[in-house]
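Reviewing the structure listed below.
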Amino acid sequence: MLVGIVGKPNVGKSTFFSALTMSTAQVASYPFTTIEANRGVGHVRGPCPHTALGSSCSPNNSLCEGGTRFVPIELLDVAGLVPDAHSGKGLGNKFLDDLRQAHAFIHVVDASGGTDFEGNPVGAGSHDPALDVSFLEREISYWIFGILGKDFNKIARQSKLAGKKFERLLQEKLTGLSITEAQILSAIKQSGNDNDPSLWKDDELLSFCQVLQKVSKPMIIAANKADIAPPENMRKLEETGYPVVPTSAEFELALRRAAKGGLVAYTPGASSFDMPEESKLNESQRKALDKMADWLKGAGSTGVQPVLEKVVFDVLDLIIVYPVEDETKWMDKQGRILPDAYLMPRGSNARDLAFKVHTDLGDNFIRAIDGRTHMAVGHDHILKENDVVKIVARV
């Protein structure tokens, strides 16, 4: 699972990325600080089933702290996008190529309106942040349009003459973009174009690409610098139709670093933090933390951790499931309790989980056993959030 962090230059993308991953990414207040894409790992949270078992777990592919399981998500922070990136302006071609494999986007927007389209600082409130959303949509749509190019008519004619599924042929053309046949078929239906793609004009093809962009690369808006954003800017962003979460990446990064340094006790996504009585803080640090504490009281969190969880659990609609070898003790062959946590699309069945764990398990699937009820279930058993499942397969 790969989530791309996108947006124009100088809106706090790299700060946002660093806060989620605690990785080092170059941060500065000028455009194109990020040139090479930064890769890192963030985590989404869920209640660990070990609390119901009454025994401690032994995490392998994830983390567990205080009964909360932290499941890893790969994140990609790419170079800033500027208008006409699809035609090569700025670092546009690199930006778009880096995003090919992303399953969803977190669009970091300067909600304060303090940066223009190029990412240059302007007076706070001078720029409408909603315009950043529409221009990013446009760039990605034109990018897909450019990839299809002249081959689209050839594909449409081949489908019509040879009786081959159009969505399958188109998916082969778009195979590097992690776009599925189902997503293409959904975009065709939603576009409202003629049922015969060979009759589409350029404007109809572009319309299809615009819908495909929303279907195949779903997006959530991180309204960054929300601590200094005017209310009308937040309203404008909400009117774009995308999920919007107010964020302060700068606050989140500062709190995570302070927690790592032992200066405060802070859990990512929390609505508050604690400062030890014997604090090492100087007066300047204490004032800064007091400011963050005041903002958290009203906002509920910095928004950074909730954005990632919203894109994973709401936008992509994934659930956490735990495969085990022993359905009674919830162990694997090494005796580790609940070692692995997997993210699965809601609606996945037991065989889907078997394939997720290993191709051989999927190919040789016999049945599954529900770790909570100890009842055998078939391949079409629909998985639920926090399920513990044993896969039985032919040896």
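Derivation of every value follows stated rules applied to the coordinates shown; laboratory data play no part. From a predicted model like this one, the values you see are computed outputs, not experimental measurements. Virtual Cβ from ideal backbone geometry, glycine too; neighbours counted across all protein chains shown.
Counting other C-beta atoms within 10 Å, and keeping those with at most 11, which DSSP coil GluC sites (Glu not before Pro) do you find in the range 227-316?
Glu239, Glu277, Glu278
Residue by residue, what Karplus-based ³J(HN,Hα) values in Hz, rounded to whole numbers, does the range 241-255 have, using 6.51, -1.76 and 1.60 with θ = phi - 60° and x for Gly and Pro?
Karplus-based 3J(HN,Hα) across the range 241-255 equals x, 8, x, 10, 10, x, 9, 9, 4, 5, 5, 4, 5, 4, 5 Hz.
If R₀ is 22 angstrom, what is the calculated FRET efficiency for the pair Ser198 and Thr175, using the beta carbon separation as r and rounding to 0.05?
According to the calculation, E is roughly 0.55.
What distance in nm separates the simple spin-label points at Arg39 and Thr51, each placed 7 Å from Cα in the Cβ direction?
3.4
From Cα coordinates alone, what are the radius of gyration and Dmax values for the chain in angstrom?
23.4, 78
What is the extension gain from Gln190 to Glu325, computed as 0.36 nm multiplied by their sequence separation minus the C-alpha to C-alpha distance, in nm to one decimal?
On the way: separation 135, 0.36 × 135 = 48.60 nm, distance 4.34 nm.
Going from the current span to full extension adds 44.3 nm.
Expected output is a single nm value to one decimal: the length gained when fully extending between Leu161 and Ala376, i.e. 0.36 nm times separation in residues minus the C-alpha distance. What is it?
The Leu161-Ala376 span can extend by a further 72.6 nm.
With n ≥ 4 as the cut-off for DSSP H runs, can you work out [θ] at 222 nm for the chain, using -39500 (n - 2.57) per run divided by the number of residues, rounded to the nearest 500?
My calculation for the chain gives -10500 deg cm²/dmol from helical runs alone.
How far apart, in nm, are the 7 Å Cα→Cβ label points at Lys333 and Lys260?
Using points 7 Å along Cα→Cβ, the separation is 3.7 nm.
Listed here are the pairs Lys310/Lys333; Lys236/Lys291; Lys154/Lys189; Lys217/Lys297; Lys13/Lys173; which of them are more than 24 Å apart at the Cα?
Lys310/Lys333; Lys236/Lys291; Lys217/Lys297; Lys13/Lys173
From the P(r) of the range 141-216, can you give the percent of Cα pairs sitting at distances over 19 Å?
Counting every Cα pair in the range 141-216, those more than 19 Å apart make up 22 percent.
Could you calculate, for the range 299-395, the ratio of the Cα radius of gyration to the Kirkwood radius, expressed as Rg to Rh?
1.05
Based on other C-beta atoms within 10 Å, arrange Asp370, Asp314 from fewest to most.
Asp314, Asp370
What FRET efficiency comes out for Ile366 versus Met1 if R0 is 30 angstrom and r is the Cβ-Cβ distance? Round to the nearest 0.05.
0.60
Listing Leu136, Leu2, Leu174 from the residue with the fewest other Cβ atoms within 10 Å to the one with the most, what is the order?
By the 10 Å Cβ count, ascending: Leu2, Leu174, Leu136.
Report the full-extension gain for the segment Leu281 to Glu239: residue separation times 0.36 nm, less the Cα-Cα distance, to one decimal in nm.
Separation in residues times 0.36 nm, less the Cα-Cα distance, equals 11.0 nm.
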